[in-house]
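The values are calculated or read from the model by the stated rules, or taken from the named source; none is laboratory data. All of these numbers come straight from a predicted model, not from anything done at the bench. Cβ placement follows ideal geometry from the backbone for every residue including glycine, while neighbour counts extend to all protein chains displayed.
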Amino acid sequence: MALLKNKVSAVITTNYDNFIEKYILDEHYTVFTRQHEMFSKDSYNVSELYKIHGSINDASTIIITKDDYAQFNKSRKLFIAKMLTLFTESPIIFLGYSFTDENIRQIVVDFLNCLTPEQLNTISDNFIFITYKKGEKNLEEIKRTIITEKGENIPITEIATDNFLKVYQTINQLVPGMTPKNIRDTQRLVKRIVNNTIISGDPSNVIFGIDEIPDDISDKNIAIAIGNKEDIINQYGYSVVKDEEILEDIIFNNKKFDAKNMCKERFKSLYLNRLMPVYKYIKKSKIDISEVPKLEAYVNHHNEVDKIITPAYKKKNLRSAPTFNNIPEVKKYMQETNDINKVFKGVLNSIDILSLYQLREICKLYFHNYIDKLSKNSNFKRVVMYIDYMENFN
């Protein structure tokens, strides 16, 4: 279920507890517990959780008494307006609510009364109720009809099932072009760009990948270039390529960097004590590395396995490290220790046992979830350098 956070743009719930934000979503989702917050300057309509009946984190927001519900009904136009905003972007799925619940039914009718005739014509494809049906292991599709206050019959889709895992698996098959967090962060970034440009009139150039937008950009004046990231890097210079992107490219072969520019621009100031895979780019560029003196010196300093993983380094850092014969042993050790540093100490210590394929698969297994730690981990970087050396040296 935790994977759904990358598929679902926003969640509306009447639950008070913290289950959704703790076990399904994460800290990247903004939580709103009061109706007026839904249209605040901090709301972007994506990567957000709306707890319309309040939260246990703030008892004053909880709607539980008759008077609470009466007050909620008076102000629910804000909630309906938020549903309309979300509906223009995505289908709405009701999960865990009875179609016969009068409170929910009234909200739905109020919502439908706000739609245009064109929207009502397509509502059944975009307005879906998931209901419980004991013993039903498949997803049974049922066409229902709601009668609005205007007397219109509006068809909606109901999915009846006793197999909610299949519901989650089906939703998880969605392949959005960008994750909700990416969309929200991009909106936030563009808003900041506009604000800073108006205030300062003099933005500076900073390039962010869509997955790399930092949480705090308040101290930067930013200009934005929209387009293919590789094209932008080609235009503005390869010196902006981050270490973790290079490590990722060696592991996944997914960045499409221009090899010659990597050698001449990114590696032109490479220091000897850096841990950086370079041989993929040297091999593909076919340049004479004597044209890049610091890169040539770096190669001479790392042109043997014993120079990448020196005996002195092994003795000092790997003396008590475990050894692994296969990937399952690595996974088991990670489950037992939950220590990514110890895992890659063991992987590096097993470099002569594990195949290149196994080494790459282990790197893939943990890269995205632990990139912040791994990009600073000398054992991990030496593993990647070893893979690069064995595949591309000479």
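Can you find even one residue in region 288-297 that is assigned to a helix (DSSP H, G or I), in contact with a helix residue (DSSP H, G or I) (Cβ under 6 Å, 6 or more places away or on another chain) and touching a residue at least 24 places away in the same chain (Cβ under 8 Å)? Give the steps one after another, and end with the answer.
So in region 288-297, the residues assigned to a helix (DSSP H, G or I) come out as 289-291, 293-297.
Next, only the ones that are in contact with a helix residue (DSSP H, G or I) (Cβ under 6 Å, 6 or more places away or on another chain) stay: 289-290, 295-296.
Filter once more, keeping what is touching a residue at least 24 places away in the same chain (Cβ under 8 Å): 289, 295.
Yes, some residue in region 288-297 is assigned to a helix (DSSP H, G or I), in contact with a helix residue (DSSP H, G or I) (Cβ under 6 Å, 6 or more places away or on another chain) and touching a residue at least 24 places away in the same chain (Cβ under 8 Å).
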If we keep just the residues of region 25-76 that are assigned to a helix (DSSP H, G or I) and among the basic types (Lys, Arg), which is modelled with the lowest pLDDT?
-> Lys74
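Given the criteria in contact with a helix residue (DSSP H, G or I) (Cβ under 9 Å, 6 or more places away or on another chain), part of a loop (DSSP other than H, G, I, E, B), modelled with pLDDT under 95 and not aliphatic (A, V, I, L, M), does Ser320 qualify? Can you show your working first?
Numbers: in contact with a helix residue (DSSP H, G or I) (Cβ under 9 Å, 6 or more places away or on another chain): yes; part of a loop (DSSP other than H, G, I, E, B): yes; modelled with pLDDT under 95: yes; not aliphatic (A, V, I, L, M): yes.
Judged against the criteria, Ser320 is a match.
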Give region 368-385 a look and list any residue that's surrounded by 19 or more Cβ atoms within 10 Å (Cβ to Cβ) and among the aromatic types (Phe, Trp, Tyr), or say none.
-> Phe380
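If you scan region 308-337, which residues turn out to be over 14 Å from Leu365 (Cα atoms) and loosely packed, with under 13 Cβ neighbours inside 10 Å? Write out each step before concluding.
First pass over region 308-337, keeping only residues over 14 Å from Leu365 (Cα atoms): 308-325, 336-337.
If the condition is that a residue be over 14 Å from Leu365 (Cα atoms) and loosely packed, with under 13 Cβ neighbours inside 10 Å, then Pro311, Ala312, Lys315, Lys316, Arg319, Ser320, Asn325, Glu336 are the ones that fit.
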Looking only at residues in region 64-80 that are of a type in the set (Val, Ile, Thr) and more than 24 Å from Ser43 (Cα to Cα), which one is surrounded by the most Cβ atoms within 10 Å (Cβ to Cβ)?
-> Ile64
Can you pull out the residues in region 338-359 that are polar (S, T, N, Q), surrounded by 13 or more Cβ atoms within 10 Å (Cβ to Cβ) and closer than 16 Å to Asn377 by Cα?
-> Asn341, Asn349
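Return the only residue of Ile340, Ile351 being touching a residue at least 24 places away in the same chain (Cβ under 8 Å), over 29 Å from the mean Cα position of the chain (by Cα) and within 25 Å of Asn369 (Cα to Cα). Quick ask: steps written out before the conclusion?
Numbers: Ile340 fails: over 29 Å from the mean Cα position of the chain (by Cα).
Selected residue: Ile351, the only one of Ile340, Ile351 that is touching a residue at least 24 places away in the same chain (Cβ under 8 Å), over 29 Å from the mean Cα position of the chain (by Cα) and within 25 Å of Asn369 (Cα to Cα).
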Looking at region 336-381, which of its residues are part of a loop (DSSP other than H, G, I, E, B) and either aromatic (Phe, Trp, Tyr) or farther than 23 Å from Lys242 by Cβ (or both)?
-> Asn338, Asp339, Ser350, Ile351, Asp352, Ile353, Leu354, Ser355
